[in-house]
Each structure stands twice: as structure tokens, then as C-alpha cells.
Amino acid sequence: MNHHVVSTRLYTAVFIALLALTVTTVAVSKVELGELNLVVAMTIAVVKAMLVVMFFMDVRRASSLTKLFVIAGLFWMAIMLVFLVSDYVSRGWLPGPRWF
Amino acid sequence: MAHSEATLVASNSNLRHHFDDTAQQFESSTLGMWVFLVTEIMFFGGMFGAYTVYRQLYPDAFASTSRFMNVTIGAINTAVLICSSFTMVLAVRSAQLGKKKALILFLVATLILGCVFLGVKYTEYHEKWIDHHIPGPYFQYADSRYFHQAQILFFLYFAMTGMHAIHMIVGAGLLTTLIVMAARDRFSSAWYTPVEMIGLYWHFVDIVWIFLFPLLYLIGHTK
Amino acid sequence: MSTTLPFAQTETRVNYLNVEYGWKSWLFTTDHKRIALLYLFSITAFFFVGGAFAVGMRLNLLTPDGMFDHDTYNKLFTMHGVVMVFFFLVPSIPATLGNFLVPLMIGARDLAFPRINLLSWYLYIIGSIIALTAIVEGGVDTGWTFYAPFSSTYSNSNVIVSALGVFISGFSSILTGLNFIVTIHTMRAPGMTWNRLPLFVWGHYATSLIQVLGTPVIAITLVLLMLERLFHAGIFDPRVGGDPVLFQHLFWFYSHPAVYIMILPGMAVVSEIVCCFSRKGIFGYTFVAISSIAIAVLGFLVWGHHLFVAGQSLYASMMFSFLSFLVAIPSAIKVFNWTATIYRGSVTYETPMLYAFGFIGLFTMGGLTGLFLATMAVDVHVTDTYFVIAHFHYVMVGGMVMAYLGGIHFWFPKITGRMYPEGWARFAALVVFVGFNLTFFPQFLLGYQGMPRRYAHYPPEFQVLNVMSTAGASILALGYLLPMIYLTWSWRKGPLASQNPWNAKGLEWEQAATPPPTFNFDHQPVVTEPAYNYSGVEREVHLGS
């Protein structure tokens, strides 16, 4: 049904990459980078997730509709997290300068 | 000729009456599974939201609790799941090629790896039980400054990993069903939709862990 | 009007109702039309359960020192809200009319996943039975909003059971939405492009997006609440560093879009009715279609307007207030477009059209008062008063329920093959309209004057308006009972309907028999004209009775 069969070699390459990234993220976590620790770890996680989504879940060859739904799902979670956290982050802000 | 005729018949017998053709049916199944995965993104997203809020509110308590997350065990579990995603994708590929034995082999491998993950998770939970880190009336925490905040953070730890584990258990059940179906020759290169759909589900559960691992185990670990 | 009936007379023809008899053929059906009826009966039952609690509330509010004590009253308004929101409003139109009509309107033989459709009904039933268990066990008193820390720590009522009931029925909603999305994408008949889709389908598509994206969040919120009640970790308990406002954020992230789950299908129904009874295509089809999607998307960005006085930051509140103003725009566009459709149309006033008129007027009032609430400065004054209650009842009851009744009447011939008595139906519609306004308009005044919501007793100066409201409620109740009676009677004994008694456009009217056979169409429909092509049809509607 899915016209073209992906080669084992490609899957293996992605697999190795995922393991390598896991090793990397653990190694980096041992180094004290302050705020950057979170950024690096999350970036690596995003890359790993992208590899799984694009290659293992075959989204890179999927229809535009599928891609749209994947993006929409992530976007909606982002909306929830961003708006939610923005409340907590801005609670301590003093009223802004009066411009009127 | 006979083979392709057989696959033609096989594919048509899997065609449900309200669909016009197998292409439409496959498209529907795929879109349906992806819409379901979107609901799962939002489901876990809510917990990630709660977790983010409390991490941001109580960074010191968080740093204190992160000592109790065993990075090695977590990393091993991450590797186990990545392996299981690999075997799952090879299972789908075997189904695509009509290779029944390989399909069953890879499905069983995925199932075993999933069970390994759950087994390791069990040992982690057991350790938490011994340390009295399970929220509730028997919760204890060494650093009394962070007693309450630690309990909240452990609550979220168990909620998130517990929900993930439940999804793994469901996945294990689905894999078992697939193995039985494959053994009974239900799949062919013309029709293997359930294998692919459950594969998508399995990869999604893997992705959730890909994010849980750094958030729960790695950050704040150096302090 | 003479129409040659292309189909055999209703009684003799095999249709989805008479193709098979017996309880098994209903409880194990995968026919979307039968599942729609299963939902119809369940939802109607819960409407009256929720209504019973409302009766209790309104009776209590007849006197300032009402007949119930505070604890009992707390349970009454909670159960009224829980049942009405989760077990009536959220499923109502999508699970009944949506299930029945979406495949018919797009020219499909069924939904994409018929067995999942049946599963969704079973999940609804399981969830609702669990909720009924909570009611029978003594109810829950937290308010339908389950605010923490009262719900998570202090309440002595059946919080976990109620929350579990809602949690399970949420999956019913998710599966319905999933089914609609996939069906509308993949199973449209040849020629049925997105631009030719009936607005009913557009509305249900937008609703389904919300169901799929929002419901999982309340699912996880209720899970966290139930776990908190079991383990008392303190996630929402301010005494130990938990944040009750976090619960409100998570709760309203779903519950605000949920109100759009409730209203979008109502708007979808109104679009259909207005076109048919004005004998005109909708004014601004694209705008109405896009507005449905816009409401669905924007509806996710405004939940903080429920937290203005809860301790949310000023800046977040400002942003939510602004976005709440924005979300009113697509709703207003729809109202303008319906009005423009009716203008210079060939208007007749059959029952569905009466309900549509009621919707347009009452929804507009409810929607405008929503803008007052979105204005932070005003909200500080009227929040948690009867002003809010009046606002949402105007949109939910004056809007949604009227659209629901209008839709039930409009498609009654299609669903049952019979006609309802038009005289009684119009009378009932008027009774509903009068009863509704008498019930809820005084509540705007009460709220503005400061009467708080969820209070069992109130200061004596509010009594006159409360008595008026209760009087209105009894009239409204009569208005709801009448259709129950005559629709039930008509199903059995009403005159047989012709194929298309309204002479309406749409595949469900023109190409499927009345009532339809199990697989909807005798031949695969092919669509060649735009939606609402009324200019090609004769001008008048004759009912013959």
C-alpha cells in the first residue's frame, strides 16, 4: 500500500543517530552550563523527536494533511504552555509606565 | 498471477462496505490515528504544563529532588525504547514486504523491549517506595525545607511517568494482538494497516519518553 | 406543489428504522443514523435530569430564605451544571443531528469509523451512569467547575465519582470529533468540494477540531484532581505551595473552547434553516465557513477571561481580554450574514424558522453581554453574579437549545418519515421564547444589582426579580414538555412525510429517501452545484396541513 519500502540502512542510520543523541544528552547534562543545560537538553530532545516523526513515523513522505495535523497538535500544545506560563512569569511585573 | 489474485481478494475482504476503495480506507485509518495522536499530545501537554509551572516556581526544591532520579537507569530505559521503535519500524517494513516470520519476530522483539522498559520502571518505582517518596500519607523527605514542594514534584513525576507507563501497557496489549493476528495470516503486503497504525502509536509513546527523560532526569542534576 | 416522488411511499419502503427490529439490532448497530437516535434518547433523558435540578434551584430561589440549606443547594447547582454541560450540551447537536446528517450531507454511506461511533455512545452511557451514581450517592457540591482546593481537599461529596463520569464521557466527545474530522476529509462524494459543503458540515468540522484538541486537557485535569483527592500531595493546595489557579487554567483551557463546541453546531443548524426558509443561498458562504474555523481557533486563546479576579497577572488578563473581543468578531459576522440572507428572501415562518429567529436574537444578546464580561473593569463588578448566569444561559439556552429544537423539527421528517403538528410546534416555540426571556432577563438585572451566583439565600430586595425568573422557568418547562409530547406522538401517529416537505436543498433531502435506507443512498451522489442553490428551486413551501 505504501508504494516505496524504506531501506533497512536508512532505519539503522536513524536508530544509531537516536542512540548517539541519547549518549550526548546524558554527557552534556554532566557539565554545568547553567540555564543552557535546559536549552541543550530540550534541543536534543526535539531533534530526536523529529527523527522519530520524520523517519520512523514516515511523516516526511506523508500527505500534506498529515503534516498539517502534526504541526497543529504541536502548535496547540505550545499555545497552552506559552499562555499558561506567561501568567506565572508576568505576575511579578509592576504596572508599566503610563503613556496616557 | 495466483499470488496477486490472492492479494487482491485479501485486500478486498478487508475493505469495509462504507468505503469506496482500499486507498480511501487507508487514508482514513492514517488520518484517524494521527488525530488520535494529536489528542494524546494535548493530554500529556497538560501535565507538561503543570510540571513547567512548578519547576519554575520551585527551582531549588526541584534541584533537590533531581538527586533521586537515577540517570543511568533512565538512560538505559531511553535506549530500550529507542531500540523498540527500531524493531517496530522493521516490523512494519516486514509487513510491507509480506514477510510473515520477520514481522512476528520484530513484533515480539518490540514487545519484549517494551516489557523490559516496564520492568525497569517497576524497579524505579520500587526504589521510590522504599525511600518513602510516594506522595500520600507515608511521604517522607530528608530535606524538610522542601517537604511539601518535593511532594508536589514527586506527584507530577508519578503522574507523568505513570500515565506514560499505562500507555506502554496498552501498547503491549496492542502488540500482542498484532502478533496473534500475524500468526493467523491476517496480514499481507496488500493489507497491514493495523501494524502501521499501532506502529505510529508506539513511536508516539517513545517520543513522550524522549521528552520526559531530560526533563525529569537530566536537568538540575549537576547542582 | 406537485412533486413526483422518486421513491416508493414511506411505509412500504425499507429504511434504517424498519430494516431490523429487536434490541440487539439497536445496541449493536453501526449505522450512524441509529446511533444518532440512541444518543437522542439518552441526551433527552439527561436534559430532563438537569432540568429537574434547575426546578429545585428555582423553587428554592422563590423566597430569600429558600427551602434548601446551603449544602443541598450547592449540590443542586453543581449537578445542574455538570449534567447540562457534560451530558447534554456538549454532545447534543453533534451526537444527534451531526451523527445523523454529516454522512448524508457529504454523500457518504456512513462515518469513517462506524464501530468507534458506537463505542463513543457506550462511553457516553458509561460516563453518564457513573455520574448518576454520584448523584444517587448524595451528589457533589463543588460547582460544575470543580474549583480547587475545595474540590481537591475540603469537599465531602462525591468528587471522584463525578469527575470519573465526566472523564469517561469526554472520550465519547473525542471519538465523535475524530470520526467527523476523518469522515469530512476522506469520504466526501465526487464533486463535493470544500466550497460546496453545507455550512452544517463546516460547523461540525470546526466543532470536531475543538473536541479533539481541547477535551484531552480536561481529561488530564480531572485525572490530576482525582489523584490529588486520593493522595493529597498538594498540587492545588495553597497551604503547601500548590496553586489553585493552575487548576483553573487547566480547567478553562478546555471549558472555554467547550462552549464553542456547544454553540458552533447550533450556528450550523441555523445556517441550514435560514437558507431553506428564506429560499435563498447564504449570504457570504466563505465568510460563514471561515468564521466557524476562526471561532474554533480563537476560542482556544481566551480562557483567561474566567480568571480575571482569580489572581492571574494583569498582563495575561489584558491579553485574554483583547483576544476575547476578537473572538466575538466571527460570531458577529455570522449574525450579519444570516440577517443578510433573510433580507429580501422569500421568508416563511415554519417552526424551525421561528427557532432560528429566536436563536439569532437571543444569541446576539448573549454574545454582546459576553463582551461586557470580557471587559476587565466591568467584569470585576459582575463576575460571579447572576449577570454571568444570564449571559451564558442566553447563549446556551436561548441560542443552543433553540437551535437544537429547530434542528430536531427541521429534520424530523427526514429522521422519522413523519410530520409533526405545525400548530402545536409553533405554539411551543413561542412558549419557549416567552418562558426563556422571562426566566433569564431578570437575571441580568439581578446580577448587575449585585446578587451573587451559587447562593442559596439572598437579600429580600432581590425577591421580585427572582419570583419573575421562577415564573418564567415554569413557562419554559412547559415549552420543553410540549415537543416531548407531540414529537413522540407524531413519530408513531403523525402523517407520513413526503420526500422533501420543505423543498430544501441538500443531499440529505434530495438524494436520500425519507427516511433513508441503512446505507443512505441508492446511487452514489455526484455533486455539481454549489450549496444552497435555491435560485433553481420553486419559491414556496407547501406543507399540506
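Structural remarks
- Only one of the numbered conditions (1) within 28 Å of B:Phe147 (Cα to Cα); (2) facing another protein chain (nearest Cβ under 7 Å); (3) touching a residue at least 40 places away in the same chain (Cβ under 8 Å) is violated by B:Thr52, and that is (3).
- Meets criteria (within 14 Å of chain B (Cβ to nearest Cβ), assigned to a helix (DSSP H, G or I) and farther than 19 Å from C:Asn466 by Cβ) for C:Val83: no
- Residue within the range C:304-314 that is part of a helix (DSSP H, G or I), surrounded by fewer than 23 Cβ atoms within 10 Å (Cβ to Cβ) and at the interface with another protein chain (Cβ under 10 Å from one of its Cβ atoms) present: yes
- Among the candidates B:Arg67, B:Arg93, residue that is charged (D, E, K, R) and either surrounded by 17 or more Cβ atoms within 10 Å (Cβ to Cβ) or facing chain A (nearest Cβ under 9 Å) (or both): B:Arg93
- Answer from B:Val180, B:Val195, B:Val208 - the residue that is in a helix (DSSP H, G or I) and under 10 Å from the mean Cα position of the chain (by Cα): B:Val208
- Looking across the range B:69-87 at every residue that is free of Cβ contacts under 8 Å to residues at least 40 places away in the same chain and in contact with a Phe, Trp or Tyr (Cβ under 6 Å, 6 or more places away or on another chain), the one that is nearest to B:Ile179 (Cα to Cα) is identified as B:Thr87.
- Residues satisfying the stated conditions in the range B:86-105, i.e. closer than 23 Å to A:Ala13 by Cβ and either of a type in the set (Lys, Arg) or not in a helix (DSSP H, G or I) (or both): B:Arg93, B:Leu97, B:Lys99
- Among the residues of the range A:6-43, those identified as at the interface with chain B (Cβ under 7 Å from one of its Cβ atoms) and touching a residue at least 40 places away in the same chain (Cβ under 8 Å) are A:Val6, A:Tyr11.
- The set of residues in the range C:133-142 that are in a helix (DSSP H, G or I) and crowded, with 18+ Cβ neighbours inside 10 Å comprises C:Ala134, C:Ile135.
- Matching option when the condition is surrounded by fewer than 17 Cβ atoms within 10 Å (Cβ to Cβ) and hydroxyl-bearing (Ser, Thr, Tyr), among C:Ser474, C:Ser469: C:Ser474
- Criterion (touching a residue at least 60 places away in the same chain (Cβ under 8 Å), surrounded by fewer than 21 Cβ atoms within 10 Å (Cβ to Cβ) and among the hydroxyl-bearing types (Ser, Thr, Tyr)) met by exactly one of C:Thr145, C:Thr96: C:Thr145
- Which numbered condition A:Val47 fails, given (1) facing chain B (nearest Cβ under 7 Å); (2) at pLDDT 95 or above: (1)
- Yes/no for C:Ser162 being more than 24 Å from A:Phe75 (Cα to Cα), within 20 Å of the chain's Cα centre (by Cα), surrounded by 23 or more Cβ atoms within 10 Å (Cβ to Cβ) and in contact (Cβ under 8 Å) with a residue 40 or more places away in the chain: no
- The listed residues are B:Val116, B:Val108, and the only one of them that is within 18 Å of B:Ile166 (Cβ to Cβ) and assigned to a helix (DSSP H, G or I) turns out to be B:Val116.
- Scanning the range C:275-289 for residues that are within 17 Å of C:Pro330 (Cβ to Cβ) and in a helix (DSSP H, G or I) yields a count of 5.
- Hey, C:His249 of a type outside the set (S, T, N, Q), surrounded by fewer than 24 Cβ atoms within 10 Å (Cβ to Cβ) and touching a residue at least 40 places away in the same chain (Cβ under 8 Å) or not: no
- The range B:131-151, subset part of a helix (DSSP H, G or I) and either aliphatic (A, V, I, L, M) or facing chain C (nearest Cβ under 10 Å) (or both), residue surrounded by the fewest Cβ atoms within 10 Å (Cβ to Cβ): B:Phe147
- For B:Asp185: the one exception among (1) more than 14 Å from chain C (Cβ to nearest Cβ); (2) not in a loop (DSSP other than H, G, I, E, B): (2)
- Annotation note: of C:Ser162, C:Ser152, the sole residue that is away from every other protein chain (no Cβ under 14 Å), over 29 Å from C:Glu508 (Cβ atoms) and either part of a helix (DSSP H, G or I) or not charged (D, E, K, R) (or both) is C:Ser162.
- Counting the residues of the range A:54-69 that are at the interface with another protein chain (Cβ under 7 Å from one of its Cβ atoms) and in a helix (DSSP H, G or I) gives 4.
- In the set (1) hydrophobic (A, V, I, L, M, F, W, C); (2) under 25 Å from C:Leu246 (Cβ atoms); (3) in contact (Cβ under 8 Å) with a residue 60 or more places away in the chain, B:Met42 fails one condition alone, (3).
- Taken over the range C:192-218, the residue count meeting the criterion of being within 14 Å of another protein chain (Cβ to nearest Cβ) and outside any helix (DSSP H, G or I) is 1.
Residues are listed down the side, and each one gets a yes or a no for (1) of a type in the set (Lys, Arg); (2) within 20 Å of B:Val208 (Cβ to Cβ); (3) out of contact with any helix residue (DSSP H, G or I) (no Cβ under 7 Å at 6 or more places or on another chain):
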residue: B:Pro59; (1), (2), (3): no, no, yes
residue: B:Ser64; (1), (2), (3): no, no, no
residue: B:Gly74; (1), (2), (3): no, yes, no
residue: B:Val80; (1), (2), (3): no, yes, no
residue: B:Ser94; (1), (2), (3): no, no, no
residue: B:Gly98; (1), (2), (3): no, no, yes
residue: B:Leu103; (1), (2), (3): no, no, no
residue: B:Leu113; (1), (2), (3): no, yes, no
residue: B:Val120; (1), (2), (3): no, yes, no
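- Any hit, the range C:350-358, residues being free of Cβ contacts under 8 Å to residues at least 40 places away in the same chain and over 23 Å from the mean Cα position of the chain (by Cα): no
The values are calculated or read from the model by the stated rules, or taken from the named source; none is laboratory data. A quick note: this is a predicted structure, and the numbers were derived from the prediction, not measured. Don't worry about glycine lacking a Cβ; one is built from the backbone with ideal geometry, like all the others, and counts go over all protein chains shown.
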